[in-house]
Amino acid sequence: MMKEKLVCLLMLLCSISLFTACSSDDQPAYPIDQEIAGTYKGALNIELGGNYIGKDLPKNVSLTKANDNQLNLELKNFSFGALNLGDIVLSNCDVKKNGNTYSFTSSQTLTTLPAAIGNCPITVNGTVTDGKLNVKLVITVTKLNQVVNVDYTGVRLKGNESSEAKIKTFTFDSPVVTEQPVIDEANGTITFKVSEQATDDELRLTPTITVSEKAMLTPATGVVQDFSGSTPVVYTVVAENGTIKTYSVSISGRQAVLKYSFEEWVLEPDNFMSNEYNKPQPVSDLATSAEGAAMLKFMGLTSVPVYKSTDKKVGNFAIKLVTMDTSDKANALVPAITSGSLFTGKFEMGDPQRASPLTFTKFGILYARKPLAFKGWYKYTPGAKFIDGSNISNIVTVPNKTDQCAIQAVLYKVTNDAETLTGLDINNSSKRVAVAQLSDGTAKAEYTYFNLPFQYLPGKTYEAGAKYKIAIVCSSSKEGDLFKGAGGSTLILDELEIVSE
């Protein structure tokens, strides 16, 4: 009898062992590597206490095979608000399949978090359907008595996507921006400079931005942003493969701007000695060759070389300088060529029989800053016939020579307020310290922008506390001071400005 009981017990144990072995063998083996594992590119939504504290945050999630029916999930650099939970790694999440959808679940405790946060229980529920991942995480931050809910949606990457996430260009089209943004790729910063007069409202600017091919940008290009505060505006670039790069964009400084827009003019009426002409405001800063040319009325000349023009870049008006061919009336008092010129300073008529007319132009106004650049817009059309009128007794036409315009600004040092450079020495005086000069004075049919840096002359530097004058000198004929040029040469200028520290 005892022997029969032992045989039965042995058979029972064998059947239990066999059942257990069969149960293990019955666990399904899923093609996790082929259909689930990989990197997913997507976005997070984070909810805390019933409120979203983060929406559509770009993030990558990685799924890897743990075994035939379990997977591992990794979410790197997870943070919300001021809390940084670091990397969330969940191992051995159970996988099941229903149709073409894989689901996985797990309840674990995160034990590798910063000490200030402590261990956090976490549950995960996720699905993968045809390469699309949906995950819900519930994280209990015990020390803070808070529950964080995380929803993630992403798509599986193929592995050949671009990883480049860069802002390539970042520019503004605004008069208050005095120095276009500079991109510091290594530090992830973009900085620019603005006029010291710019208001907070004017610092609501709309940037034009280009990024790496197939990358996405947030906020988008062409969207107005407020740059008036001390907190930088943050731009995020997400590469095709989900790589993220952020840039902090801010104002790095304010600059002084001396600007002439030619919107205001003063009409000088004609009289028995002078033709009518317009003077650009402010007359305390600006002068033109019209002031002298108008006085040639008594020699039978009725035109002037400077005009208020509606052919403007912005606003209502610009200034037009026109070279006058007066060779048919040339004599000791009338030059063969009178170029249209604009300059900072004064025109003071003298006796042309006792002094060169070039001394009548007193170039420059007092300037107490270090200039950085001379900027503006111009159009230029050269006249048809170039004349050399430097010798009033032998005026000649120079074939195959084309007139050019001249645009420059000169910083020079003075010892007193009255000291000035004139048409005789503005281009060669030893008092000159720095020059910003247009090198291409050829024809420009459309408005063309120039941004000329001040180049310091050999051995010259800017001395804080010294006295300086700044001279803007523009002419419709580059050699007009030598009485050479082409009648009809026309230079139109608008929005001239000197940008300084």
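All of the numbers you see were taken from the coordinates with simple rules; none came from a lab. All of these numbers come straight from a predicted model, not from anything done at the bench. Positions of Cβ are generated from backbone atoms using ideal geometry, with glycine treated the same way; all protein chains shown enter the neighbour counts.
Quick one: of Lys168/Lys478; Lys143/Lys214; Lys136/Lys214; Lys166/Lys312; Lys297/Lys346; Lys168/Lys308, which pairs are farther than 31 Å apart, Cα to Cα?
Checking Cα-Cα distances, Lys168/Lys478; Lys143/Lys214; Lys166/Lys312; Lys168/Lys308 exceed 31 Å.
Cβ neighbours within 10 Å, averaged per peptide: list 41-50, 437-446, 314-323 in order, most packed at the top.
314-323, 41-50, 437-446
With unit charges on the beta carbons (Lys and Arg positive, Asp and Glu negative) and the dipole taken about the Cα centre of the chain, which residue among Ala215, Ile472, Val283 sits farthest to the positive side?
Highest projection toward the positive end goes to Ala215.
Could you work out the helix-only [θ] at 222 nm for the chain, with each DSSP H run of four or more residues adding -39,500 (n - 2.57) and the total divided by the number of residues, to the nearest 500 deg cm²/dmol?
Theoretical 222 nm ellipticity from helices: -2000 deg cm²/dmol.
In whole Hz and in residue order, list the ³J(HN,Hα) couplings for the range 58-64 that follow from phi through the Karplus curve 6.51 cos²θ - 1.76 cosθ + 1.60, θ = phi - 60°; x for Gly and Pro.
x, 7, 9, 10, 10, 10, 10
To the nearest 20 Debye, how big is the dipole of the chain about its Cα centre, given +1 on the beta carbon of each Lys and Arg and -1 on that of each Asp and Glu?
I would put it at about 520 debye.
Between helix 2-25 and the chain, what is the angle of the helix's C-alpha long axis to the longest principal axis, kept within 0 to 90° and rounded to the nearest 10?
So the helix axis and the longest Cα principal axis differ by about 20 degrees.
When only alpha-carbon atoms count, how far does the range 261-500 stretch along each of its three principal axes, as whole angstroms with the largest first?
Principal-axis extents of the range 261-500 (Cα, largest first): 50, 41, 39 Å.
Over its Cα atoms, what ratio of radius of gyration to 2.2 N^0.38 Å does the range 104-225 give?
That ratio works out to 1.61.
On full extension of the chain, what length is gained from Thr123 through Asp440, given 0.36 nm per residue of separation minus the C-alpha to C-alpha distance?
107.2 nm
At what distance in angstrom do the alpha carbon centres of the range 41-103 and the range 123-156 lie from each other?
5
At 0.36 nm per residue, minus the direct Cα-Cα distance, what do Asp425 and Asp201 gain on full extension? Give it in nm, one decimal, please.
76.2 nm
Any idea how far the Cα center of the range 332-374 sits from the one of the range 249-306, in Å?
The range 332-374 and the range 249-306 have Cα centres spaced 12 Å from each other.
Any idea what the relative contact order of the range 268-388 is, in percent, if you count C-alpha pairs under 8 Å spaced at least 6 apart?
20
What whole number of Å gives the distance from the Cα centroid of the range 435-501 to the Cα centroid of the range 179-224?
One Cα centre to the other: 29 Å.
Note down the magnitude of the dipole of the range 261-500 about its Cα centre, charges +1 on Lys and Arg C-beta and -1 on Asp and Glu C-beta and zero elsewhere, to the nearest 20 debye.
I would put it at about 540 debye.
What percentages, rounded to whole numbers, describe P(r) for the chain computed over all alpha carbon pairs with 10 Å bin width beginning at zero?
3, 14, 18, 15, 10, 9, 9, 8, 6, 3, 2, 1, 1, 0, 0, 0
In percent, how large is the relative contact order of the chain, given Cα pairs closer than 8 Å and 6 or more residues apart?
The normalised contact order for the chain reaches 11 percent.
With contacts defined as alpha carbon pairs under 8 Å and 6 or more residues apart, what's the relative contact order of the range 32-156 in percent?
Computed over the range 32-156, the figure is 23 percent.
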